[in-house]
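The values are calculated or read from the model by the stated rules, or taken from the named source; none is laboratory data. These figures come from a predicted structure and were not determined experimentally. Heads up, the Cβs are rebuilt from the backbone with ideal geometry, glycines too, and the neighbour counts pull from every protein chain shown.
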């Protein structure tokens, strides 16, 4: 397990009106780890990811990625530096098929830019198709290659979006509730896919309410409450933490 900090969030404050969504938050994500962030609704988890990918700019504080300050950069600039995010609601091209959906970000990654003629460009790019097919097979979606993305099940849409992120070969993958709304069978399949990704050594941050997912995947867990980290440790340490049980679960056993 690496000790280099790939993502460093320092004293980040983000307010909405009078509410401190992030309250001078500090977080370190080490290279090669799977770092889960858990906490009750309204704790600031999605706000934190939005700050990290440039969708929100912190009022004060900084975000460093790979040793460089990315605070205030545009989302596409941060993406080009190697951060990809899977959203709570799948962000896909619903009218295109699965192969086209994955080939578009693959083309952007290989060529360094996205163009609105991307779909036309795909027809003659065998290198892009090969890169897309490799990821599609990993996501167990090859049998639906030419299905319209918008007609797929929620679980398959989530895996499609994950494929669209992975084909860009990110240095850091941010997963915002990757199993939300899934049936248990879909959740278990997604856990197995994420375990395979973990074996590649890619650094990942996972926001998740399903503790089975968290304890199956995470190397470290941070607990967020009222915009600040109240506890951090291994999954075993977090499972036994009295602070976590009281603040997050009202004293219930994790």
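Looking only at the range 208-249, residues that are outside any helix (DSSP H, G or I) and either in contact with a strand residue (DSSP E or B) (Cβ under 6 Å, 6 or more places away or on another chain) or surrounded by 16 or more Cβ atoms within 10 Å (Cβ to Cβ) (or both) come to 18 in all. Scanning the range 93-115 for residues that are touching a strand residue (DSSP E or B) at 6+ places or on another chain (Cβ under 7 Å) and at pLDDT below 85 returns no hits. For the range 78-100, how many residues are surrounded by fewer than 23 Cβ atoms within 10 Å (Cβ to Cβ) and over 14 Å from residue 155 (Cα atoms)? So the answer is 13. Looking across the range 19-77, the residues that are buried (at least 22 other Cβ atoms within 10 Å of the Cβ) and at positive phi come down to 39, 44. The sole residue among 29, 53 that is over 28 Å from residue 245 (Cα atoms) and in contact (Cβ under 8 Å) with a residue 12 or more places away in the chain is 53.
Taking the numbered list (1) at pLDDT 95 or above; (2) closer than 30 Å to residue 199 by Cβ in turn, residue 46 passes all entries but (1). Is it the case that some residue within the range 61-84 is closer than 24 Å to residue 239 by Cα and either assigned by TED's automatic domain parsing to the domain that holds residue 164 or in contact with a helix residue (DSSP H, G or I) (Cβ under 8 Å, 6 or more places away or on another chain) (or both)? Within the range 61-84, none of the residues are closer than 24 Å to residue 239 by Cα and either assigned by TED's automatic domain parsing to the domain that holds residue 164 or in contact with a helix residue (DSSP H, G or I) (Cβ under 8 Å, 6 or more places away or on another chain) (or both).
For residue 192, the conditions (1) surrounded by 18 or more Cβ atoms within 10 Å (Cβ to Cβ); (2) at pLDDT 90 or above; (3) part of a helix (DSSP H, G or I) all hold with the exception of (1). Among the residues here, residue 204 does not qualify as in a helix (DSSP H, G or I) and either buried (at least 21 other Cβ atoms within 10 Å of the Cβ) or in contact (Cβ under 8 Å) with a residue 40 or more places away in the chain (or both). Residue count for the range 180-189, restricted to those that are assigned to a loop (DSSP other than H, G, I, E, B) and either crowded, with 17+ Cβ neighbours inside 10 Å or at negative phi (or both): 3.
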